[in-house]
Amino acid sequence: MSDGHSLGNGITARSSAAQQSAEATVRELLAYISTGDRSAIAKVYLLYFARLANFFVHVTGNADLIEELISDTMLDVWRESAVIGPNTSVSVWVMGIAYMRTQKLLAAGGSTPPHVQASIHRADHDTPGYTPRLRDLLLRLTVEERTALYLVYASDHSRQDIVYIMNLSRECVEMHLTNARLRLRSFHERSPRSAELARERF
(Lines give C-alpha, C1' and ligand atoms only; values in the text may rest on other atoms or scores of the structure.)
Protein backbone atom coordinates (compact mmCIF):
# COMPACT_ATOMS: atom_id res chain seq x y z
CA MET A 1 0.00 0.00 0.00
CA SER A 2 1.39 3.44 -0.92
CA ASP A 3 2.16 6.15 1.64
CA GLY A 4 -0.63 8.23 0.10
CA HIS A 5 -3.18 5.50 0.71
CA SER A 6 -1.91 4.98 4.25
CA LEU A 7 -2.20 8.69 5.00
CA GLY A 8 -5.69 8.84 3.50
CA ASN A 9 -6.84 5.83 5.51
CA GLY A 10 -5.40 7.38 8.66
CA ILE A 11 -7.27 10.63 8.11
CA THR A 12 -10.50 8.74 7.42
CA ALA A 13 -10.07 6.67 10.56
CA ARG A 14 -9.46 9.77 12.69
CA SER A 15 -12.45 11.50 11.15
CA SER A 16 -14.65 8.49 11.82
CA ALA A 17 -13.38 8.26 15.40
CA ALA A 18 -14.11 11.96 15.94
CA GLN A 19 -17.65 11.54 14.59
CA GLN A 20 -18.25 8.54 16.85
CA SER A 21 -16.95 10.49 19.84
CA ALA A 22 -19.21 13.45 19.02
CA GLU A 23 -22.17 11.12 18.59
CA ALA A 24 -21.49 9.51 21.97
CA THR A 25 -21.22 12.92 23.62
CA VAL A 26 -24.54 14.15 22.26
CA ARG A 27 -26.28 10.87 23.07
CA GLU A 28 -25.04 11.18 26.64
CA LEU A 29 -26.41 14.72 26.76
CA LEU A 30 -29.77 13.43 25.52
CA ALA A 31 -29.83 10.98 28.42
CA TYR A 32 -29.39 13.90 30.82
CA ILE A 33 -32.04 15.93 28.98
CA SER A 34 -34.55 13.11 29.42
CA THR A 35 -34.11 13.51 33.19
CA GLY A 36 -34.88 17.23 32.99
CA ASP A 37 -31.30 18.55 32.99
CA ARG A 38 -31.53 22.05 31.50
CA SER A 39 -27.76 22.50 31.28
CA ALA A 40 -27.62 19.53 28.91
CA ILE A 41 -30.10 21.05 26.44
CA ALA A 42 -28.08 24.29 26.56
CA LYS A 43 -24.97 22.34 25.53
CA VAL A 44 -26.82 20.63 22.67
CA TYR A 45 -28.10 24.05 21.57
CA LEU A 46 -24.56 25.36 21.31
CA LEU A 47 -23.33 22.25 19.51
CA TYR A 48 -26.01 22.47 16.83
CA PHE A 49 -26.59 26.21 16.53
CA ALA A 50 -24.31 26.90 13.56
CA ARG A 51 -25.41 23.78 11.67
CA LEU A 52 -29.09 24.51 12.17
CA ALA A 53 -28.66 28.21 11.36
CA ASN A 54 -27.07 27.34 8.01
CA PHE A 55 -29.81 24.85 7.25
CA PHE A 56 -32.69 27.16 8.13
CA VAL A 57 -31.40 30.22 6.30
CA HIS A 58 -30.78 28.33 3.07
CA VAL A 59 -34.01 26.37 3.14
CA THR A 60 -36.35 29.21 4.19
CA GLY A 61 -34.48 32.12 2.60
CA ASN A 62 -35.16 34.20 5.72
CA ALA A 63 -32.41 34.83 8.28
CA ASP A 64 -34.94 36.43 10.62
CA LEU A 65 -36.50 33.02 11.27
CA ILE A 66 -33.32 31.33 12.50
CA GLU A 67 -33.70 31.88 16.25
CA GLU A 68 -37.38 30.92 16.27
CA LEU A 69 -36.75 27.72 14.33
CA ILE A 70 -33.74 26.69 16.40
CA SER A 71 -35.67 27.30 19.62
CA ASP A 72 -38.60 25.23 18.34
CA THR A 73 -36.23 22.45 17.25
CA MET A 74 -34.51 22.36 20.64
CA LEU A 75 -37.90 22.29 22.36
CA ASP A 76 -38.76 19.16 20.37
CA VAL A 77 -35.35 17.66 21.20
CA TRP A 78 -36.15 18.30 24.88
CA ARG A 79 -39.57 16.68 24.59
CA GLU A 80 -38.48 13.67 22.53
CA SER A 81 -34.99 12.99 23.94
CA ALA A 82 -36.12 9.74 25.56
CA VAL A 83 -37.57 8.20 22.40
CA ILE A 84 -34.64 8.32 19.95
CA GLY A 85 -33.74 4.80 18.81
CA PRO A 86 -30.35 3.29 19.72
CA ASN A 87 -29.45 2.81 16.05
CA THR A 88 -30.48 6.29 14.91
CA SER A 89 -27.79 8.91 14.37
CA VAL A 90 -28.43 11.82 16.72
CA SER A 91 -27.36 14.36 14.10
CA VAL A 92 -29.72 12.91 11.51
CA TRP A 93 -32.50 12.76 14.11
CA VAL A 94 -32.02 16.45 15.00
CA MET A 95 -32.01 17.44 11.32
CA GLY A 96 -35.23 15.48 10.84
CA ILE A 97 -36.84 17.53 13.62
CA ALA A 98 -35.46 20.72 12.06
CA TYR A 99 -36.95 19.88 8.67
CA MET A 100 -40.33 19.10 10.23
CA ARG A 101 -40.25 22.47 12.01
CA THR A 102 -39.40 24.19 8.74
CA GLN A 103 -42.36 22.59 7.01
CA LYS A 104 -44.73 23.62 9.80
CA LEU A 105 -43.55 27.23 9.80
CA LEU A 106 -43.66 27.62 6.03
CA ALA A 107 -47.10 26.01 5.87
CA ALA A 108 -48.25 28.65 8.36
CA GLY A 109 -46.89 31.42 6.13
CA GLY A 110 -43.82 32.10 8.22
CA SER A 111 -41.38 32.76 5.37
CA THR A 112 -40.89 35.68 3.04
CA PRO A 113 -42.02 35.35 -0.60
CA PRO A 114 -39.49 33.51 -2.82
CA HIS A 115 -38.48 36.71 -4.64
CA VAL A 116 -37.49 38.51 -1.42
CA GLN A 117 -33.95 37.52 -0.49
CA ALA A 118 -32.65 40.55 1.41
CA SER A 119 -32.56 38.95 4.83
CA ILE A 120 -30.62 35.90 3.70
CA HIS A 121 -27.53 38.07 3.26
CA ARG A 122 -27.67 39.02 6.95
CA ALA A 123 -27.09 35.46 8.16
CA ASP A 124 -24.24 35.28 10.67
CA HIS A 125 -23.38 31.71 9.69
CA ASP A 126 -22.81 31.40 5.97
CA THR A 127 -21.97 28.30 3.99
CA PRO A 128 -18.75 28.47 1.92
CA GLY A 129 -19.40 28.27 -1.80
CA TYR A 130 -22.90 29.75 -1.63
CA THR A 131 -22.62 33.10 -3.39
CA PRO A 132 -25.49 35.63 -3.26
CA ARG A 133 -26.23 34.88 -6.92
CA LEU A 134 -26.44 31.14 -6.28
CA ARG A 135 -28.62 31.67 -3.22
CA ASP A 136 -30.93 33.75 -5.38
CA LEU A 137 -31.31 30.80 -7.75
CA LEU A 138 -31.87 28.34 -4.91
CA LEU A 139 -34.75 30.40 -3.57
CA ARG A 140 -36.58 29.82 -6.86
CA LEU A 141 -36.74 26.11 -6.10
CA THR A 142 -39.32 24.38 -3.94
CA VAL A 143 -38.57 23.86 -0.25
CA GLU A 144 -38.15 20.13 -0.88
CA GLU A 145 -35.69 20.74 -3.73
CA ARG A 146 -33.66 23.23 -1.71
CA THR A 147 -33.57 20.91 1.27
CA ALA A 148 -32.41 17.90 -0.74
CA LEU A 149 -29.67 19.91 -2.46
CA TYR A 150 -28.49 21.45 0.80
CA LEU A 151 -28.31 18.13 2.61
CA VAL A 152 -26.32 16.53 -0.22
CA TYR A 153 -23.92 19.31 -1.18
CA ALA A 154 -23.58 21.51 1.90
CA SER A 155 -24.06 18.97 4.70
CA ASP A 156 -22.66 15.88 2.93
CA HIS A 157 -25.51 13.65 4.08
CA SER A 158 -26.04 10.24 2.52
CA ARG A 159 -29.20 9.40 0.60
CA GLN A 160 -30.25 7.17 3.49
CA ASP A 161 -29.87 10.12 5.88
CA ILE A 162 -31.98 12.34 3.62
CA VAL A 163 -34.72 9.71 3.35
CA TYR A 164 -34.95 9.78 7.15
CA ILE A 165 -34.68 13.58 7.52
CA MET A 166 -37.30 14.39 4.89
CA ASN A 167 -39.46 11.33 5.66
CA LEU A 168 -39.65 10.46 1.97
CA SER A 169 -38.88 7.44 -0.14
CA ARG A 170 -35.50 7.28 -1.85
CA GLU A 171 -37.30 7.67 -5.19
CA CYS A 172 -38.87 10.96 -4.05
CA VAL A 173 -35.52 12.24 -2.78
CA GLU A 174 -33.88 11.45 -6.13
CA MET A 175 -36.76 13.12 -7.95
CA HIS A 176 -36.31 16.34 -5.94
CA LEU A 177 -32.56 16.32 -6.59
CA THR A 178 -33.01 15.73 -10.32
CA ASN A 179 -35.71 18.40 -10.65
CA ALA A 180 -33.60 20.89 -8.70
CA ARG A 181 -30.56 20.36 -10.93
CA LEU A 182 -32.64 20.65 -14.10
CA ARG A 183 -34.35 23.82 -12.92
CA LEU A 184 -31.07 25.44 -11.88
CA ARG A 185 -29.54 24.69 -15.26
CA SER A 186 -32.60 26.01 -17.08
CA PHE A 187 -32.02 29.50 -15.69
CA HIS A 188 -29.15 30.01 -18.17
CA GLU A 189 -31.57 31.57 -20.64
CA ARG A 190 -32.02 34.54 -18.31
CA SER A 191 -28.74 34.49 -16.45
CA PRO A 192 -25.88 32.58 -18.09
CA ARG A 193 -23.38 33.47 -15.37
CA SER A 194 -25.68 32.21 -12.63
CA ALA A 195 -26.31 28.99 -14.49
CA GLU A 196 -22.57 28.44 -14.83
CA LEU A 197 -22.19 28.81 -11.07
CA ALA A 198 -25.04 26.40 -10.48
CA ARG A 199 -23.55 23.81 -12.83
CA GLU A 200 -20.20 24.05 -11.07
CA ARG A 201 -21.81 23.61 -7.67
CA PHE A 202 -24.39 20.96 -8.55
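The values are calculated or read from the model by the stated rules, or taken from the named source; none is laboratory data. Treat the numbers as computed from the prediction; the structure is a model and nothing was measured. Positions of Cβ are generated from backbone atoms using ideal geometry, with glycine treated the same way; all protein chains shown enter the neighbour counts.
Filter segment 63-77 for residues that are among the hydrophobic types (A, V, I, L, M, F, W, C) and surrounded by fewer than 17 Cβ atoms within 10 Å (Cβ to Cβ) and give the result. Walk me through it before giving the result.
If we filter segment 63-77 for residues that are among the hydrophobic types (A, V, I, L, M, F, W, C), which is where we start, we get 63, 65-66, 69-70, 74-75, 77.
Of everything in segment 63-77, just one residue is among the hydrophobic types (A, V, I, L, M, F, W, C) and surrounded by fewer than 17 Cβ atoms within 10 Å (Cβ to Cβ), namely Leu75.
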Within the set of pairs 6+ apart or on separate chains, which have a first residue in segment 128-147 that is farther than 12 Å from Thr60 by Cα, a second that is buried (at least 18 other Cβ atoms within 10 Å of the Cβ) and modelled with pLDDT of 80 or more, and C-beta atoms under 6 Å apart?
-> Leu137/Leu184
Could you please give the count of residues in segment 158-202 that are modelled with pLDDT of 95 or more and over 26 Å from Thr102 (Cα atoms)?
-> 0
Odd one out for Asp136, checked against (1) within 20 Å of Cys172 (Cα to Cα); (2) modelled with pLDDT under 85 = (1)
